[in-house]
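Only one structure is covered here, and it is reproduced in the block below.
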Amino acid sequence: MEYTVKKLAQLSGVSSRTLRYYDEIGLLKPARINSSGYRLYGQHQVDILQQILFYRELELSLEDITEIIHQPNFNRNVALQQHYEQLMKKRARLDKILETIEKTIDSVSGGNPMKDNEKFEGLKQKMINENEQKYGVEIREKYGEAVVEESNAKLRGMTQEKYEAMEKLGVEIFELLKEAYETGDPQSEIAQQLAAKHKEWLEYSWPAYSKEAHIGLAEMYVADDRFTAYYDKAVQGGTKFLRDAIVIYCGGK
């Protein structure tokens, strides 16, 4: 069966404009264009669109999705299994947040009072799941399974005060990065303050700190586009500047 843009939009819940955009960027091309100029989509395109929507649900960028589904070795069955596993994790995270909200509502309404650590359980698990989804494979390859699990356990057991302090420190690092970058000198006093703050931030979740691991993480920030995008949103080129400041701070070359 073939579908026009309009019919496929109705079937999938995706707008006609979005389907045309997917065509323009090469993400989802129609099977053919008929003599009247209408885009026509077949079963293969319907299946690919389903995959795209699964990946979008997992919050992948269109650029990443395009790269994944157009790989010569792309396997739909494997991809579906991965979607299932990732969405189950996402559901577990949302269930935890909903549970926390329900307990909060009950507590505010005069029911069972919540312990402070309970108020942040869902949010901490959300942070862990997001890190796992984005960087889990690379971090586990670099530092090992045991280190990552210890780090996650430390985050789960974090008190309210420490959680709030870590969040506040994360904001401070972004602001400090902007100021330090303007100096153009990773050896400057403010740049070294930045590196020290970054160390302090890591120590909230790392089982044990080492200068070698800190430098290794900084190098990964530069090597991995996802890490680079995270810090470059503060200031373009900020990731490399942060890496250089950390290397100097840790006594590297």
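The values are calculated or read from the model by the stated rules, or taken from the named source; none is laboratory data. What you see is a predicted model, and the numbers here were worked out from it, not measured in a lab. Note that we place each Cβ from the backbone using ideal geometry, even for glycine, and neighbour counts take in every protein chain shown. Only protein heavy atoms, including side chains, enter the accessible area calculation; ligands, DNA and RNA are left aside. Shrake-Rupley method; radii C 1.70, N 1.55, O 1.52, S 1.80 Å.
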Being aliphatic (A, V, I, L, M) and touching a Lys or Arg at 6+ places or on another chain (Cβ under 8 Å) is the filter; apply it to the range 165-206 and report the residue that is most open to solvent (accessible area, probe 1.4 Å). 176
Residue hits (the range 181-217; without any contact (Cβ under 8 Å) to a residue 60 or more places away in the chain and either outside any helix (DSSP H, G or I) or of a type in the set (Phe, Trp, Tyr) (or both)) are 184, 185, 188, 201, 203, 204, 205, 206, 208, 209, 210
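Pick out the one residue from 96, 103 that is touching an Asp or Glu at 6+ places or on another chain (Cβ under 7 Å), at pLDDT 65 or above and basic (Lys, Arg). Reasoning before the result, please.
Details: 103 fails: at pLDDT 65 or above.
On inspection, the qualifying residue turns out to be 96.
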Selection within the range 236-251 - open to solvent by 30 Å² or more (accessible area, probe 1.4 Å) and more than 21 Å from residue 141 (Cα to Cα): 236, 240, 244, 248, 249, 251
Among (1) under 23 Å from residue 61 (Cα atoms); (2) assigned to a helix (DSSP H, G or I); (3) open to solvent by 30 Å² or more (accessible area, probe 1.4 Å); (4) not aromatic (Phe, Trp, Tyr), residue 220 falls short only on (3)
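Please count how many residues of the range 222-239 are touching a Lys or Arg at 6+ places or on another chain (Cβ under 7 Å) and at pLDDT 90 or above. Step through it out loud before you land on a result.
Here is the first cut: in the range 222-239, the residues touching a Lys or Arg at 6+ places or on another chain (Cβ under 7 Å) are 222, 226, 234-235.
After this cut, where a residue has to be at pLDDT 90 or above as well, the list is 222, 235.
Number of matching residues: 2.
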